[in-house]
Amino acid sequence: MRIAIKPPAPPAASVQPISIPTPSAPQPTSPPSDRDVPPNPAGSAAPNTAWLLAPERPPAANCICVSTRQRGNPLLGHIHIMKTEFARVIPDFVLGRATCALFLSLQYHMLHPQYLRTRLAELGPHFYRLKVVLCYVDVQENIGPSLEEITLTTINFQSTLILAWSLSEAGQYLEMYRAFEDRSAESIQGKSDEGIYSKV
């Protein structure tokens, strides 16, 4: 008589739970700072797309819009009458809807003679009616040739050159241009006598 012996059943395999990692929520990215934006290459006339020709909203009547690249400029400490606010604009100073200014020290021009030409080319010919080149004369010797270069460059780009022999004087020029930007020429013209004797 045969007895059928069944082989023992293999032990049931234990099933380990599989943990599926849940994707983490994307972290918000902060906008790039001014230091993350590369400056324009020297000699390039095309402005960097990260910078604007004018602020998104016009500055108030008692305010001068300052480019963020001018942070730390000691000239800002000599602007007392007007308020200042920073914006990512191509001009160094926006003095109204149709007036802007570039700041240049004579010593810096001697080291980088093409800087002024590049900056003026970035502004373009038609956006601002009045473009002021505010030159701080911080060198006392052999300044004739450099001033001649700055003058010719300013004329070629249809701009106005203003020389200042101190930062205090330069700050006063900026405040004056901002204060008179919206005034007519009659405000600085001499008034004639309206009496009858003046007409005889």
Which one of these is touching a residue at least 40 places away in the same chain (Cβ under 8 Å) and within 13 Å of A170 (Cα to Cα): L75, L95?
-> L75
Single residue of the range 139-184 satisfying the filter (open to solvent by 50 Å² or more (accessible area, probe 1.4 Å) and acidic (D, E)) that is farthest from T99 (Cα to Cα) = E141
Please indicate, with yes or no, whether at least one residue in the range 92-102 is farther than 22 Å from P58 by Cα and buried (at least 17 other Cβ atoms within 10 Å of the Cβ).
-> no
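The values are calculated or read from the model by the stated rules, or taken from the named source; none is laboratory data. As the structure is a computational prediction, the values presented were derived from the model and not from experiment. A quick note on method: Cβ atoms are made from the backbone with ideal geometry, for glycine too, and the neighbour counts reach across all protein chains shown. Surface areas here come from the heavy atoms of the whole protein model, side chains and all, with no ligands, DNA or RNA. Shrake-Rupley method; radii C 1.70, N 1.55, O 1.52, S 1.80 Å.
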